[in-house]
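Okay, so here's the structure we're looking at.
The values are calculated or read from the model by the stated rules, or taken from the named source; none is laboratory data. Please read these numbers as outputs of a predicted model, since none were measured by experiment. We place every Cβ from the backbone using ideal geometry, glycine too, and count neighbours over all the protein chains shown. Accessible surface is based on the protein model in full, side chains and every heavy atom, while ligands, DNA and RNA are left aside. Shrake-Rupley method; radii C 1.70, N 1.55, O 1.52, S 1.80 Å.
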Amino acid sequence: MIRNYTSKILSELKTPLVLVTMRVCGAVAAFILSILMARTMDPTEMGVAMTCMSAAPLATLLVTGSTEAGCLRFLVAYLDKNELSKFRGMVSFNRRVTFWLGVVFIGITIIWLLMSDRESGDLSTVILLTAITAVLLSWQKIASAHVMSLGHVVLAMAPYSLWRQVLLVLCVGLWILADNALTKEVVASGMLLSVIAVLILQVVLNRRPMQRVIAGKSDVSDYSDHREWTKVGLQLGITLLFVQFSRDLTLVVSSFSLSPEDISVLGIATAIVGFAKFYVVAINQSLGPKLSEAVARNEIEKIQKKIIFTNHLKFWPMILVLILFWLLGDEIAKIFGPGFANIGMLLPILMLEPLAVAFFGPGGQLLSMSGHQFIMLPLSIATIAVLVCAITIGAHLGGLVGAAYGSSVAWVFWTVSLALFARKYARHDVSMFSATRLVFRG
(Lines give C-alpha, C1' and ligand atoms only; values in the text may rest on other atoms or scores of the structure.)
Protein backbone atom coordinates (compact mmCIF):
# COMPACT_ATOMS: atom_id res chain seq x y z
CA MET A 1 0.00 0.00 0.00
CA ILE A 2 2.79 2.42 0.94
CA ARG A 3 4.67 1.53 -2.24
CA ASN A 4 1.59 2.17 -4.38
CA TYR A 5 0.97 5.49 -2.67
CA THR A 6 4.61 6.53 -3.13
CA SER A 7 4.46 5.51 -6.78
CA LYS A 8 1.30 7.59 -7.20
CA ILE A 9 2.95 10.64 -5.63
CA LEU A 10 6.01 10.32 -7.86
CA SER A 11 3.80 9.91 -10.93
CA GLU A 12 1.80 13.02 -10.06
CA LEU A 13 4.95 15.01 -9.26
CA LYS A 14 6.90 14.10 -12.39
CA THR A 15 5.44 16.70 -14.75
CA PRO A 16 5.06 19.44 -12.11
CA LEU A 17 8.68 19.03 -11.06
CA VAL A 18 9.86 19.30 -14.65
CA LEU A 19 7.76 22.44 -15.08
CA VAL A 20 8.98 23.89 -11.81
CA THR A 21 12.59 23.22 -12.81
CA MET A 22 12.08 24.94 -16.15
CA ARG A 23 10.32 27.95 -14.67
CA VAL A 24 12.87 28.30 -11.88
CA CYS A 25 15.74 28.13 -14.39
CA GLY A 26 13.95 30.70 -16.52
CA ALA A 27 13.43 32.90 -13.46
CA VAL A 28 17.10 32.54 -12.53
CA ALA A 29 18.04 33.68 -16.03
CA ALA A 30 15.69 36.68 -15.68
CA PHE A 31 17.17 37.36 -12.23
CA ILE A 32 20.69 37.38 -13.67
CA LEU A 33 19.51 39.66 -16.47
CA SER A 34 18.10 42.17 -13.97
CA ILE A 35 21.41 42.22 -12.09
CA LEU A 36 23.37 42.75 -15.32
CA MET A 37 21.08 45.57 -16.35
CA ALA A 38 21.17 47.21 -12.90
CA ARG A 39 24.98 47.20 -12.82
CA THR A 40 25.67 48.28 -16.41
CA MET A 41 22.76 50.45 -17.61
CA ASP A 42 21.66 53.99 -16.94
CA PRO A 43 18.57 53.84 -14.63
CA THR A 44 16.39 55.64 -17.16
CA GLU A 45 17.44 53.32 -19.99
CA MET A 46 16.89 50.33 -17.75
CA GLY A 47 13.37 51.54 -16.94
CA VAL A 48 12.49 51.81 -20.62
CA ALA A 49 13.94 48.37 -21.33
CA MET A 50 12.03 46.74 -18.48
CA THR A 51 8.84 48.43 -19.62
CA CYS A 52 9.30 46.95 -23.09
CA MET A 53 9.97 43.52 -21.63
CA SER A 54 6.61 43.71 -19.87
CA ALA A 55 4.74 45.39 -22.73
CA ALA A 56 5.48 42.70 -25.35
CA PRO A 57 3.81 39.79 -23.49
CA LEU A 58 0.95 42.08 -22.47
CA ALA A 59 0.34 43.07 -26.10
CA THR A 60 -0.11 39.42 -27.11
CA LEU A 61 -3.61 39.58 -25.63
CA LEU A 62 -4.47 42.11 -28.35
CA VAL A 63 -2.66 40.35 -31.20
CA THR A 64 -4.21 36.93 -30.59
CA GLY A 65 -7.57 38.40 -29.62
CA SER A 66 -7.32 35.96 -26.69
CA THR A 67 -8.81 33.32 -29.02
CA GLU A 68 -6.28 30.74 -27.82
CA ALA A 69 -7.45 31.12 -24.21
CA GLY A 70 -10.23 28.57 -24.72
CA CYS A 71 -8.06 25.94 -26.43
CA LEU A 72 -7.67 23.79 -23.33
CA ARG A 73 -11.42 23.65 -22.92
CA PHE A 74 -12.50 23.14 -26.54
CA LEU A 75 -9.67 21.17 -28.13
CA VAL A 76 -9.54 18.58 -25.35
CA ALA A 77 -13.31 18.04 -25.70
CA TYR A 78 -13.05 17.77 -29.49
CA LEU A 79 -10.36 15.10 -29.18
CA ASP A 80 -12.37 13.21 -26.59
CA LYS A 81 -15.40 13.18 -28.92
CA ASN A 82 -13.22 12.52 -32.00
CA GLU A 83 -14.44 15.73 -33.65
CA LEU A 84 -11.17 16.32 -35.47
CA SER A 85 -12.69 18.68 -38.04
CA LYS A 86 -13.62 21.11 -35.26
CA PHE A 87 -10.14 20.69 -33.76
CA ARG A 88 -8.60 21.69 -37.09
CA GLY A 89 -11.09 24.51 -37.42
CA MET A 90 -10.15 26.10 -34.11
CA VAL A 91 -6.43 25.77 -34.80
CA SER A 92 -6.88 27.45 -38.19
CA PHE A 93 -9.12 30.12 -36.64
CA ASN A 94 -6.46 30.99 -34.03
CA ARG A 95 -3.86 31.38 -36.76
CA ARG A 96 -6.03 33.55 -39.02
CA VAL A 97 -7.02 35.89 -36.20
CA THR A 98 -3.41 36.24 -35.05
CA PHE A 99 -2.18 36.93 -38.58
CA TRP A 100 -4.66 39.72 -39.35
CA LEU A 101 -4.59 41.32 -35.90
CA GLY A 102 -0.78 41.20 -36.07
CA VAL A 103 -0.82 43.06 -39.39
CA VAL A 104 -3.17 45.68 -37.92
CA PHE A 105 -1.07 45.97 -34.75
CA ILE A 106 2.17 46.60 -36.66
CA GLY A 107 0.39 49.01 -39.00
CA ILE A 108 -1.06 51.05 -36.14
CA THR A 109 2.34 51.13 -34.43
CA ILE A 110 4.10 52.44 -37.55
CA ILE A 111 1.39 55.07 -38.19
CA TRP A 112 1.54 56.21 -34.56
CA LEU A 113 5.33 56.50 -34.70
CA LEU A 114 5.17 58.54 -37.91
CA MET A 115 2.54 60.87 -36.46
CA SER A 116 4.34 61.33 -33.14
CA ASP A 117 7.93 61.37 -34.40
CA ARG A 118 8.91 64.38 -32.31
CA GLU A 119 7.39 62.97 -29.14
CA SER A 120 8.74 59.45 -29.52
CA GLY A 121 12.25 60.64 -30.38
CA ASP A 122 14.86 57.99 -29.76
CA LEU A 123 12.17 55.59 -28.52
CA SER A 124 10.91 54.86 -32.04
CA THR A 125 13.33 52.01 -32.67
CA VAL A 126 12.63 50.40 -29.30
CA ILE A 127 8.85 50.70 -29.72
CA LEU A 128 8.93 49.14 -33.21
CA LEU A 129 11.17 46.29 -32.04
CA THR A 130 8.80 45.67 -29.13
CA ALA A 131 5.76 45.62 -31.44
CA ILE A 132 7.40 43.06 -33.77
CA THR A 133 8.40 40.99 -30.74
CA ALA A 134 4.79 41.04 -29.49
CA VAL A 135 3.46 39.73 -32.83
CA LEU A 136 6.01 36.89 -33.02
CA LEU A 137 5.43 36.05 -29.37
CA SER A 138 1.70 35.81 -30.15
CA TRP A 139 2.41 33.09 -32.73
CA GLN A 140 4.47 31.20 -30.19
CA LYS A 141 1.64 31.61 -27.70
CA ILE A 142 -1.04 30.03 -29.89
CA ALA A 143 1.31 27.20 -30.89
CA SER A 144 1.94 26.54 -27.21
CA ALA A 145 -1.82 26.49 -26.50
CA HIS A 146 -2.40 23.94 -29.26
CA VAL A 147 0.18 21.41 -28.09
CA MET A 148 -0.85 21.98 -24.46
CA SER A 149 -4.35 20.79 -25.39
CA LEU A 150 -2.84 17.54 -26.65
CA GLY A 151 -1.47 16.90 -23.16
CA HIS A 152 2.16 17.80 -23.95
CA VAL A 153 2.57 20.25 -21.10
CA VAL A 154 6.37 20.30 -21.09
CA LEU A 155 6.60 20.86 -24.86
CA ALA A 156 4.11 23.70 -24.53
CA MET A 157 5.87 25.48 -21.66
CA ALA A 158 9.60 24.94 -22.31
CA PRO A 159 10.15 27.56 -25.06
CA TYR A 160 8.34 30.39 -23.25
CA SER A 161 9.14 29.58 -19.63
CA LEU A 162 12.79 28.62 -20.05
CA TRP A 163 14.49 29.20 -23.37
CA ARG A 164 13.19 32.72 -24.01
CA GLN A 165 14.80 34.01 -20.79
CA VAL A 166 17.96 31.96 -21.19
CA LEU A 167 18.56 33.18 -24.75
CA LEU A 168 17.90 36.79 -23.78
CA VAL A 169 20.38 36.74 -20.88
CA LEU A 170 22.93 35.08 -23.19
CA CYS A 171 22.49 37.84 -25.77
CA VAL A 172 22.91 40.56 -23.14
CA GLY A 173 25.76 38.75 -21.40
CA LEU A 174 27.75 38.25 -24.60
CA TRP A 175 27.21 41.89 -25.54
CA ILE A 176 28.58 43.03 -22.18
CA LEU A 177 31.53 40.60 -22.38
CA ALA A 178 32.42 42.15 -25.73
CA ASP A 179 32.87 45.41 -23.79
CA ASN A 180 29.92 47.14 -25.42
CA ALA A 181 27.57 49.59 -23.75
CA LEU A 182 24.21 48.07 -22.84
CA THR A 183 21.36 50.25 -24.07
CA LYS A 184 17.61 49.93 -24.36
CA GLU A 185 17.98 49.27 -28.10
CA VAL A 186 20.35 46.38 -27.42
CA VAL A 187 17.96 44.83 -24.88
CA ALA A 188 15.00 45.23 -27.26
CA SER A 189 17.00 43.63 -30.09
CA GLY A 190 18.03 40.74 -27.83
CA MET A 191 14.40 40.27 -26.84
CA LEU A 192 13.37 40.06 -30.50
CA LEU A 193 16.12 37.56 -31.37
CA SER A 194 15.23 35.34 -28.41
CA VAL A 195 11.54 35.31 -29.41
CA ILE A 196 12.41 34.39 -33.01
CA ALA A 197 14.45 31.46 -31.69
CA VAL A 198 11.73 30.16 -29.34
CA LEU A 199 9.08 30.49 -32.06
CA ILE A 200 11.15 28.28 -34.35
CA LEU A 201 11.71 25.84 -31.47
CA GLN A 202 7.96 25.72 -30.69
CA VAL A 203 7.10 24.99 -34.32
CA VAL A 204 9.62 22.11 -34.39
CA LEU A 205 8.32 20.67 -31.10
CA ASN A 206 4.70 20.90 -32.26
CA ARG A 207 5.18 19.18 -35.59
CA ARG A 208 4.95 15.53 -34.52
CA PRO A 209 2.15 15.84 -31.90
CA MET A 210 0.00 17.89 -34.28
CA GLN A 211 0.37 15.49 -37.23
CA ARG A 212 -2.28 13.16 -35.79
CA VAL A 213 -5.03 15.78 -35.95
CA ILE A 214 -3.83 18.06 -38.76
CA ALA A 215 -2.62 15.56 -41.33
CA GLY A 216 -2.96 17.40 -44.64
CA LYS A 217 -4.54 20.14 -46.67
CA SER A 218 -7.42 17.93 -47.81
CA ASP A 219 -8.75 17.48 -44.28
CA VAL A 220 -11.96 19.37 -43.52
CA SER A 221 -11.94 22.22 -40.98
CA ASP A 222 -15.19 22.97 -39.17
CA TYR A 223 -15.55 26.62 -38.06
CA SER A 224 -19.14 26.33 -36.84
CA ASP A 225 -18.20 27.05 -33.21
CA HIS A 226 -16.24 30.22 -34.03
CA ARG A 227 -18.67 32.45 -32.12
CA GLU A 228 -18.21 30.38 -28.99
CA TRP A 229 -14.40 30.35 -29.42
CA THR A 230 -14.42 34.13 -29.70
CA LYS A 231 -16.76 34.68 -26.77
CA VAL A 232 -14.91 32.36 -24.41
CA GLY A 233 -11.54 33.70 -25.56
CA LEU A 234 -12.52 37.31 -24.84
CA GLN A 235 -13.94 36.37 -21.46
CA LEU A 236 -10.83 34.49 -20.46
CA GLY A 237 -8.60 37.19 -21.97
CA ILE A 238 -9.61 39.71 -19.31
CA THR A 239 -8.91 37.03 -16.73
CA LEU A 240 -5.42 36.53 -18.16
CA LEU A 241 -4.85 40.26 -17.91
CA PHE A 242 -4.92 39.95 -14.13
CA VAL A 243 -3.61 36.42 -13.57
CA GLN A 244 -0.68 36.42 -16.00
CA PHE A 245 0.19 40.11 -15.92
CA SER A 246 -0.68 41.12 -12.36
CA ARG A 247 2.96 42.03 -11.65
CA ASP A 248 3.02 44.44 -14.59
CA LEU A 249 -0.30 45.94 -13.48
CA THR A 250 0.98 46.24 -9.91
CA LEU A 251 4.08 48.16 -10.97
CA VAL A 252 2.19 50.45 -13.35
CA VAL A 253 -0.51 51.30 -10.78
CA SER A 254 2.10 51.79 -8.04
CA SER A 255 4.06 54.21 -10.22
CA PHE A 256 1.29 56.80 -9.79
CA SER A 257 1.76 56.82 -6.00
CA LEU A 258 5.34 55.72 -5.30
CA SER A 259 8.74 57.13 -6.20
CA PRO A 260 10.80 55.49 -9.00
CA GLU A 261 13.19 54.15 -6.33
CA ASP A 262 10.30 52.41 -4.53
CA ILE A 263 9.06 50.98 -7.83
CA SER A 264 12.45 49.37 -8.44
CA VAL A 265 12.36 47.78 -4.98
CA LEU A 266 8.80 46.56 -5.47
CA GLY A 267 9.68 45.21 -8.91
CA ILE A 268 12.56 43.10 -7.61
CA ALA A 269 10.54 41.90 -4.60
CA THR A 270 7.67 40.74 -6.82
CA ALA A 271 10.17 39.00 -9.10
CA ILE A 272 11.64 37.08 -6.15
CA VAL A 273 8.21 36.01 -4.92
CA GLY A 274 7.58 34.89 -8.48
CA PHE A 275 9.96 32.00 -7.81
CA ALA A 276 7.50 30.63 -5.27
CA LYS A 277 4.50 31.27 -7.52
CA PHE A 278 6.12 29.24 -10.29
CA TYR A 279 5.63 26.08 -8.26
CA VAL A 280 1.92 26.73 -7.73
CA VAL A 281 1.41 27.64 -11.39
CA ALA A 282 3.27 24.51 -12.52
CA ILE A 283 1.02 22.27 -10.42
CA ASN A 284 -2.09 23.95 -11.84
CA GLN A 285 -0.82 23.66 -15.42
CA SER A 286 -0.01 19.98 -15.05
CA LEU A 287 -3.48 19.44 -13.58
CA GLY A 288 -5.19 21.19 -16.50
CA PRO A 289 -5.47 18.44 -19.17
CA LYS A 290 -6.45 15.71 -16.66
CA LEU A 291 -8.98 17.95 -14.93
CA SER A 292 -10.46 19.01 -18.25
CA GLU A 293 -10.84 15.36 -19.29
CA ALA A 294 -12.52 14.47 -15.99
CA VAL A 295 -14.89 17.44 -16.28
CA ALA A 296 -15.79 16.55 -19.89
CA ARG A 297 -16.69 13.02 -18.74
CA ASN A 298 -18.38 14.26 -15.56
CA GLU A 299 -16.20 12.00 -13.38
CA ILE A 300 -17.04 13.71 -10.09
CA GLU A 301 -14.98 11.48 -7.82
CA LYS A 302 -11.90 11.79 -10.03
CA ILE A 303 -12.26 15.59 -10.09
CA GLN A 304 -12.40 15.78 -6.30
CA LYS A 305 -9.41 13.47 -5.84
CA LYS A 306 -7.27 15.50 -8.26
CA ILE A 307 -8.15 18.75 -6.51
CA ILE A 308 -7.47 17.38 -3.02
CA PHE A 309 -4.13 15.88 -3.97
CA THR A 310 -2.81 18.91 -5.83
CA ASN A 311 -4.00 21.33 -3.12
CA HIS A 312 -1.77 19.62 -0.58
CA LEU A 313 1.11 19.54 -3.07
CA LYS A 314 0.84 23.33 -3.40
CA PHE A 315 -0.01 24.61 0.06
CA TRP A 316 2.58 23.09 2.38
CA PRO A 317 5.63 24.02 0.27
CA MET A 318 4.31 27.63 0.22
CA ILE A 319 4.21 27.64 4.02
CA LEU A 320 7.86 26.59 4.03
CA VAL A 321 8.81 29.35 1.56
CA LEU A 322 6.99 31.94 3.69
CA ILE A 323 9.03 30.92 6.73
CA LEU A 324 12.28 31.09 4.72
CA PHE A 325 11.47 34.56 3.40
CA TRP A 326 10.60 35.69 6.91
CA LEU A 327 13.93 34.48 8.29
CA LEU A 328 16.23 35.23 5.36
CA GLY A 329 14.59 38.25 3.72
CA ASP A 330 17.25 40.71 4.86
CA GLU A 331 20.05 38.45 3.61
CA ILE A 332 18.38 38.24 0.20
CA ALA A 333 18.07 42.04 0.10
CA LYS A 334 21.84 42.44 0.60
CA ILE A 335 22.45 40.92 -2.84
CA PHE A 336 21.09 44.11 -4.42
CA GLY A 337 22.89 46.61 -2.20
CA PRO A 338 21.78 49.15 0.43
CA GLY A 339 19.22 50.77 -1.86
CA PHE A 340 17.12 47.61 -1.78
CA ALA A 341 17.05 46.96 1.99
CA ASN A 342 13.23 47.15 2.07
CA ILE A 343 12.98 43.96 0.04
CA GLY A 344 13.29 41.93 3.24
CA MET A 345 10.06 43.24 4.75
CA LEU A 346 8.14 43.03 1.46
CA LEU A 347 8.75 39.34 0.76
CA PRO A 348 6.51 37.90 3.54
CA ILE A 349 3.74 40.33 2.58
CA LEU A 350 3.86 39.45 -1.11
CA MET A 351 3.95 35.74 -0.23
CA LEU A 352 0.26 36.07 0.64
CA GLU A 353 -0.38 35.86 -3.12
CA PRO A 354 0.94 32.32 -3.80
CA LEU A 355 -0.40 31.19 -0.41
CA ALA A 356 -3.89 32.35 -1.36
CA VAL A 357 -3.67 30.65 -4.78
CA ALA A 358 -2.54 27.40 -3.15
CA PHE A 359 -5.05 27.48 -0.27
CA PHE A 360 -8.22 28.30 -2.21
CA GLY A 361 -7.54 25.85 -5.04
CA PRO A 362 -8.05 25.79 -8.84
CA GLY A 363 -11.45 27.48 -8.85
CA GLY A 364 -10.78 29.37 -12.06
CA GLN A 365 -9.76 26.26 -13.97
CA LEU A 366 -12.83 24.34 -12.82
CA LEU A 367 -15.20 27.17 -13.71
CA SER A 368 -13.80 27.62 -17.22
CA MET A 369 -13.63 23.89 -17.97
CA SER A 370 -17.18 23.23 -16.74
CA GLY A 371 -18.70 25.95 -18.94
CA HIS A 372 -19.15 28.56 -16.21
CA GLN A 373 -16.52 30.95 -17.53
CA PHE A 374 -19.17 33.69 -17.77
CA ILE A 375 -18.41 34.63 -14.17
CA MET A 376 -14.73 35.22 -14.94
CA LEU A 377 -15.26 38.45 -16.89
CA PRO A 378 -17.11 40.49 -14.23
CA LEU A 379 -14.93 39.01 -11.49
CA SER A 380 -11.74 39.93 -13.36
CA ILE A 381 -12.94 43.49 -13.88
CA ALA A 382 -13.85 43.72 -10.21
CA THR A 383 -10.47 42.32 -9.16
CA ILE A 384 -8.56 44.79 -11.32
CA ALA A 385 -10.61 47.57 -9.71
CA VAL A 386 -9.76 46.17 -6.26
CA LEU A 387 -6.08 46.01 -7.25
CA VAL A 388 -6.03 49.65 -8.36
CA CYS A 389 -7.89 50.90 -5.28
CA ALA A 390 -6.01 48.74 -2.77
CA ILE A 391 -2.56 49.65 -4.10
CA THR A 392 -3.38 53.35 -4.38
CA ILE A 393 -4.88 53.57 -0.89
CA GLY A 394 -2.16 51.36 0.56
CA ALA A 395 0.61 53.43 -1.03
CA HIS A 396 -0.83 56.68 0.32
CA LEU A 397 -1.28 55.25 3.83
CA GLY A 398 1.80 53.05 4.13
CA GLY A 399 4.09 53.82 1.20
CA LEU A 400 5.93 50.84 -0.24
CA VAL A 401 4.65 48.40 2.39
CA GLY A 402 1.09 49.61 1.89
CA ALA A 403 1.32 49.05 -1.87
CA ALA A 404 2.57 45.50 -1.26
CA TYR A 405 -0.39 44.82 1.02
CA GLY A 406 -2.69 46.24 -1.64
CA SER A 407 -1.39 43.79 -4.22
CA SER A 408 -1.86 40.86 -1.84
CA VAL A 409 -5.37 41.99 -0.91
CA ALA A 410 -6.36 41.84 -4.59
CA TRP A 411 -5.08 38.26 -4.88
CA VAL A 412 -6.91 37.16 -1.74
CA PHE A 413 -10.10 38.71 -3.11
CA TRP A 414 -9.60 36.91 -6.43
CA THR A 415 -8.90 33.44 -5.05
CA VAL A 416 -11.65 33.53 -2.39
CA SER A 417 -14.19 34.66 -4.99
CA LEU A 418 -13.19 31.89 -7.39
CA ALA A 419 -13.51 29.25 -4.67
CA LEU A 420 -16.99 30.51 -3.72
CA PHE A 421 -18.18 30.61 -7.33
CA ALA A 422 -16.74 27.13 -8.03
CA ARG A 423 -18.76 25.81 -5.12
CA LYS A 424 -21.91 27.61 -6.28
CA TYR A 425 -21.81 26.83 -10.01
CA ALA A 426 -19.54 23.79 -10.47
CA ARG A 427 -20.68 22.15 -7.21
CA HIS A 428 -17.13 21.51 -5.98
CA ASP A 429 -15.35 22.85 -2.91
CA VAL A 430 -11.83 23.42 -4.21
CA SER A 431 -10.26 24.98 -1.10
CA MET A 432 -7.95 23.45 1.48
CA PHE A 433 -10.88 23.41 3.92
CA SER A 434 -12.54 20.69 1.86
CA ALA A 435 -9.26 18.95 0.98
CA THR A 436 -8.25 18.64 4.64
CA ARG A 437 -11.70 17.57 5.78
CA LEU A 438 -12.00 14.83 3.17
CA VAL A 439 -8.49 13.53 3.90
CA PHE A 440 -9.38 13.09 7.56
CA ARG A 441 -12.54 11.24 6.50
CA GLY A 442 -10.29 8.80 4.63
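Here are some conditions: (1) free of Cβ contacts under 8 Å to residues at least 60 places away in the same chain; (2) in contact with a helix residue (DSSP H, G or I) (Cβ under 9 Å, 6 or more places away or on another chain). Lys86 meets all but one. Which one does it not meet?
Among (1) free of Cβ contacts under 8 Å to residues at least 60 places away in the same chain; (2) in contact with a helix residue (DSSP H, G or I) (Cβ under 9 Å, 6 or more places away or on another chain), the lone unmet condition for Lys86 is (1).
Which one is nearest to the chain's Cα centre (by Cα), of the residues in region 1-37 that are open to solvent by 40 Å² or more (accessible area, probe 1.4 Å), over 30 Å from His152 (Cβ atoms) and modelled with pLDDT of 75 or more?
For region 1-37, the residue satisfying everything is Ile35.
Please list, ordered by first then second residue, the pairs with beta carbon atoms under 6 Å, 6 or more apart or interchain, first in region 273-297 and under 12 Å from Leu19 (Cα atoms), second modelled with pLDDT of 75 or more and not in a helix (DSSP H, G or I).
Partner pairs satisfying both residue conditions: Asn284/Pro362.
Condition first: under 18 Å from Met369 (Cα atoms) and polar (S, T, N, Q). Can you find one or more residues in region 40-62 that meet it?
Within region 40-62, not a single residue is under 18 Å from Met369 (Cα atoms) and polar (S, T, N, Q).
From Gly406, Gly402, Gly363, which residue is small (Gly, Ala, Ser), surrounded by 24 or more Cβ atoms within 10 Å (Cβ to Cβ), out of contact with any Phe, Trp or Tyr (no Cβ under 6 Å at 6 or more places or on another chain) and at pLDDT 95 or above?
Gly406
Give the residues of region 149-179 that are at pLDDT below 90, surrounded by fewer than 24 Cβ atoms within 10 Å (Cβ to Cβ) and more than 15 Å from Ile196 (Cα to Cα), sorted by residue number.
Once the filter is applied, which keeps residues that are at pLDDT below 90, surrounded by fewer than 24 Cβ atoms within 10 Å (Cβ to Cβ) and more than 15 Å from Ile196 (Cα to Cα), region 149-179 yields Leu150, Gly151, His152, Val153, Val154, Leu155, Met157, Asp179.
Out of the residues in region 380-399 that are buried (at least 20 other Cβ atoms within 10 Å of the Cβ) and not β-branched (Val, Ile, Thr), which is nearest to Leu236 (Cα to Cα)?
Ser380
Looking only at region 367-379, which residues are open to solvent by less than 40 Å² (accessible area, probe 1.4 Å) and either at pLDDT 90 or above or under 18 Å from Gln244 (Cβ atoms) (or both)?
Listed by number, the residues that qualify are Leu367, Ser368, Met369, Gln373, Met376, Leu379.
I want to confirm something. Restricting to region 75-98 and keeping residues that are closer than 22 Å to Leu240 by Cβ and open to solvent by 40 Å² or more (accessible area, probe 1.4 Å), which single residue is farthest from the chain's Cα centre (by Cα)?
Arg96
Among the residues of region 110-135, write down those that are within 30 Å of Glu228 (Cα to Cα) and surrounded by fewer than 21 Cβ atoms within 10 Å (Cβ to Cβ).
Ile132
Scan region 194-217 and give yes if some residue there is in contact with a Lys or Arg (Cβ under 9 Å, 6 or more places away or on another chain), assigned to a loop (DSSP other than H, G, I, E, B) and in contact (Cβ under 8 Å) with a residue 40 or more places away in the chain, otherwise no.
Checked region 194-217: at least one residue is in contact with a Lys or Arg (Cβ under 9 Å, 6 or more places away or on another chain), assigned to a loop (DSSP other than H, G, I, E, B) and in contact (Cβ under 8 Å) with a residue 40 or more places away in the chain.
If you go through region 245-282 one residue at a time, how many are under 20 Å from Ser34 (Cα atoms) and outside any helix (DSSP H, G or I)?
Step one: filter region 245-282 for residues under 20 Å from Ser34 (Cα atoms), giving 245-252, 254-255, 259-278.
Restricting the remaining residues to those that are outside any helix (DSSP H, G or I) gives 245, 255, 259.
Looking only at that region, the number is 3.
Anything in region 58-74 that is under 13 Å from the mean Cα position of the chain (by Cα) and surrounded by fewer than 19 Cβ atoms within 10 Å (Cβ to Cβ)? List them, or say none.
Leu58
Filter region 231-262 down to residues that are closer than 15 Å to Leu346 by Cα and at pLDDT 75 or above and give me whichever is most open to solvent (accessible area, probe 1.4 Å).
Among those that are closer than 15 Å to Leu346 by Cα and at pLDDT 75 or above, it is Arg247.
Taking the condition of being at pLDDT 85 or above and touching a Ser or Thr at 6+ places or on another chain (Cβ under 9 Å), how many residues in region 338-354 meet it?
6
I'd like to check something: does region 313-327 contain any residue that is open to solvent by less than 40 Å² (accessible area, probe 1.4 Å), within 22 Å of Ser34 (Cβ to Cβ), β-branched (Val, Ile, Thr) and modelled with pLDDT of 75 or more? Step through it out loud before you land on a result.
Looking only at region 313-327, we keep the residues that are open to solvent by less than 40 Å² (accessible area, probe 1.4 Å), and these are 313-315, 318, 321, 325.
Now narrow it down to the ones that are within 22 Å of Ser34 (Cβ to Cβ): 321, 325.
Now drop any that are not β-branched (Val, Ile, Thr), which leaves 321.
After this cut, where a residue has to be modelled with pLDDT of 75 or more as well, the list is 321.
Looking through region 313-327, at least one residue is open to solvent by less than 40 Å² (accessible area, probe 1.4 Å), within 22 Å of Ser34 (Cβ to Cβ), β-branched (Val, Ile, Thr) and modelled with pLDDT of 75 or more.
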